[in-house]
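Chemist: Supplied in structure tokens, the structure appears directly below.
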């Protein structure tokens, strides 16, 4: 609550009055989109970390630790997406959808990888390899998540030493400066005058008074004492480098060999690596070098193997979590994982089903050798590029549905209703869905009749993006995939808000990097679908353009997507930024400050043109109910009313011919 500020007054004069900033609300970000789909790699079945489940090496060692099947990851570019989830080599449409989102102008997305919902350990389907040589026991490393991508990992591990300055006390124990780089859990190599070396672990450090000097020293308590007085003490540290075939790599230096050390090898891999886990068998063990001469030790690992993609195990239920409910504060599995992410507004599920007509092998025809074009003669010789079709959509066998049949269309509707149920349960997400491809106008109208919600917006038809290349080793062949229009629309929604504000309808925008519609549309199809609130992409002279921005609600008040997003933004701003009012004295000062905070946000939106009224009084109101009975219960009711401005959709032009034969246009 706003507190009074007093100036310290002394002798008569002029004093600066401290600034008193009244509470105010600010618009929330609404451009962020969540994508849920199939990827060849990415976080999944991650061990939980929380108050009861500490981080570090125990992450993999606690057998009873629950696993999070779905883990949302924030990405700010498609390159960052590729680092976490791979590129276009998988059978799903998730990478194409995310790439198009960023091409349209999106700046932040949250990604959830879908894996099969089964009772399994965290390393199920993950590649693994064994490294032997540097330590007395072999070390097994596990790929961070399931998939054949892990079969191409490599690990290199080495040991190094750093000298440690020390003195000996009267009993022969080591004393070091308090600023020395040592702590309990460090491994030391102690060498005597004859060159004999002993490996020991620092168990504890004790502060002692230096009798000869007026200062304190640290006395090292060792696990193994040197038989002879040491003349040299060295810290032993490990370095590990991990790489995959996609060019990603990690390197961690100055690692300890004792698990309880904050920088232990196992703990650093658990907390910071995105490529491998330590195996539970050695994660909690003290690593003992195989020889005191650690500089000479080298390790070789077996090839990573055992990674499984398991595309054929995925089913539609894996996109959801039957055990999750809207009353929970944290997310669950599948799309429900996004319930724990406050910033996500739009939701796109590009792999919810695979249209049967596009489930076969898709590829670009081989480039003929020696031809430069239809109207030109031969020029230089060009080697033919072989056609490839690795991991076609048909690999997702259990996700294939044919919406051209009645049974298939009903199954698609049932799946999209489950997405709708999630959005209505959270009342914090707006699902962007696709009209099933291959339908006649009558079938589209049948599909549309199954929905009546302001928490969904529909887009039609599917699109053909510019060619993308499979980022596979030694493979330069492009592969074409149809693009769900909802992914393009999500990028347009984000771009429109960032450029012009949330009050502007996210439509009338050119779809970038889109060359055509996937299926030819009859003349007037968009004109027929717009009245039933289906947003269409149409071919204009400048390219493919989105010409609609409506929800699937039959209520005229919630017809416009911009209105739904504006009101949702107000709800979020009030929920997040009004927490300061809790437990404040429920009196006139609180009422004044709350009114000021709310009206400041509404006034800002009014000036930006978000409301339909000509004045503030016509655009919004804030009413506080302070009845005695309500105050006795510790309640305060605030009613907020707004009149959102709807986007202009139609401009009528009248053509008039005057008596002298001239033509005039009247708008």
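Chemist: Angle check, please: helix 561-577 long axis (alpha carbons) against the longest principal axis of the chain (alpha carbons), in degrees 0 to 90, nearest 10.
Modeler: Roughly 40 degrees between the two axes.
Chemist: May I ask for the distance between the Cα centers of segment 305-345 and segment 265-281, given as a whole number of Å?
Modeler: Each part's Cα centre sits 24 Å from the other's.
Chemist: Starting from the Cα-Cα distance between residue 404 and residue 516, subtract it from 0.36 nm times their residue separation and give me the gain in nm to one decimal.
Modeler: 38.2 nm
Chemist: Can you give the FRET efficiency to the nearest 0.05 for residue 424 and residue 225, using r as the Cβ-Cβ distance and R₀ = 56 Å?
Modeler: Working from the Cβ atoms, E equals 0.25.
Chemist: Taking a ≥ b ≥ c as the square roots of the Cα gyration tensor eigenvalues, with a/c under 1.5 meaning rounded and otherwise prolate when a/b beats b/c, else oblate, which class fits the chain?
Modeler: Oblate, since a/c reaches 1.5 and b/c is not below a/b.
Chemist: Label segment 495-550 by shape, choosing from rounded, prolate and oblate, from the square roots a ≥ b ≥ c of the eigenvalues of the Cα gyration tensor; if a/c is under 1.5 it is rounded, and otherwise prolate applies when a/b is larger than b/c, oblate when it is not.
Modeler: Oblate.
Chemist: Take each of the peptides 44-50, 83-89, 292-298, 572-578, average the number of other beta-carbon atoms within 10 Å over its residues, and list them starting from the highest.
Modeler: Per-residue mean Cβ counts within 10 Å order the peptides as 83-89, 44-50, 572-578, 292-298.
Chemist: What shape does segment 551-605 take by its C-alpha gyration tensor, where a ≥ b ≥ c are the square roots of the eigenvalues and a/c under 1.5 counts as rounded, a/b above b/c as prolate, and the rest as oblate?
Modeler: prolate
Chemist: Mind checking the full-extension length gain between residue 466 and residue 77? Use 0.36 nm per residue of separation minus the Cα-Cα distance, one decimal, nm.
Modeler: 138.2 nm
Chemist: How far apart, in nm, are two points set 7 Å out from the Cα along the Cα-to-Cβ line at residue 583 and at residue 498?
Modeler: Computed distance between label sites residue 583 and residue 498 equals 3.9 nm.
Chemist: Right, something else. Using only alpha carbon pairs under 8 Å that are at least six residues apart, calculate the relative contact order of segment 171-276 and give it in whole percent.
Modeler: For segment 171-276, the relative contact order is 25 percent.
Chemist: Once you put a point 7 Å from the Cα of residue 540 and another 7 Å from the Cα of residue 163, both along the Cβ direction, what distance in nm separates them?
Modeler: 7.3 nm
Chemist: Another question, then. To make sure I understand, if each residue's beta carbon is the centre and we count other beta carbons within 10 Å, what order do 453, 405, 615 fall in, fewest to most?
Modeler: 615, 405, 453
Chemist: Take the Cα of residue 297, step 7 Å along the line toward its Cβ, and report every residue of segment 241-273 whose backbone nitrogen sits under 13 Å from that point.
Modeler: Residues 255-258, 265 fall inside that zone.
Chemist: In nanometres, what is the gap between the two model label sites at residue 248 and residue 208, each 7 Å from Cα along Cα-to-Cβ?
Modeler: 5.0 nm
Chemist: Please report, in whole Å³, the volume per residue of the convex hull around the C-alpha atoms of segment 161-200.
Modeler: 95 Å³
Chemist: Evaluate the relative contact order of the chain (contact order divided by residue number), counting alpha-carbon pairs under 8 angstrom at least 6 apart; express in whole percent.
Modeler: Once normalised by length, the contact order is 15 percent.
Chemist: Quick one: if you take sqrt(5λ) for each eigenvalue of the C-alpha gyration tensor of segment 567-632, what semi-axes come out, biggest first, whole angstrom?
Modeler: 25, 14, 10
Chemist: What number, in nm² with one decimal, is the all-direction average of the projected area of the convex hull of the alpha-carbon atoms of segment 411-553?
Modeler: 10.4 nm²
Chemist: Full-extension gain between residue 357 and residue 530, please, as 0.36 nm times their residue separation minus the C-alpha to C-alpha distance.
Modeler: Contour length minus Cα-Cα distance gives 59.7 nm.
Chemist: Pull up the DSSP beta bridges for the chain and report the antiparallel fraction as a percent, rounded to 5.
Modeler: Antiparallel bridges: around 80 percent, rounded to the nearest 5.
Chemist: Report the residues of segment 174-189 in range of a label on residue 215: point 7 Å along Cα→C-beta, backbone N strictly under 20 Å from it.
Modeler: Once the point is set 7 Å along Cα→Cβ of residue 215, 174-183 turn out to lie under 20 Å by backbone N, inside segment 174-189.
Chemist: Roughly how far apart, in whole Å, are the Cα centres of segment 64-111 and segment 515-579?
Modeler: Using only Cα atoms to place each centre, the spacing works out to 24 Å.
Chemist: So, how do all the Cα-to-Cα distances of segment 37-141 break down into 5 Å bins, in percent, from 0 on up?
Modeler: P(r) over segment 37-141, rounded to whole percents: 2, 11, 17, 17, 17, 14, 11, 7, 3, 1, 0.
Chemist: I've got another one for you. Can you compute the label reach from residue 317? Point 7 Å from Cα along the Cβ direction, backbone N cut-off under 19 Å, restricted to segment 412-429.
Modeler: Counting only backbone N, you get 412-422.
Chemist: Okay, next question. Within 10 Å, count the other beta carbons around each residue, average over each peptide in 151-157, 109-115, and list them highest first.
Modeler: In decreasing order of mean packing, 151-157, 109-115 become 109-115, 151-157.
Chemist: Output the peptides 254-261, 61-68 sorted from most to least packed, where packing is the average of other Cβ atoms within 10 Å over each peptide's residues.
Modeler: Put in order of decreasing packing, that is 254-261, 61-68.
Chemist: Moving on. I need the semi-axes of the equivalent ellipsoid of segment 128-301: take the C-alpha gyration tensor, multiply each eigenvalue by 5, square-root it, list largest first in whole angstrom.
Modeler: Ellipsoid semi-axes (Å, largest first): 35, 16, 12.
Quick note: the coordinates plus some simple rules give every number you see, no bench work behind them. What you see is a predicted model; the values in this text were computed from it and never measured. Quick reminder, even Gly has a Cβ in these numbers, built from the backbone with ideal geometry, and neighbours come from all protein chains shown.
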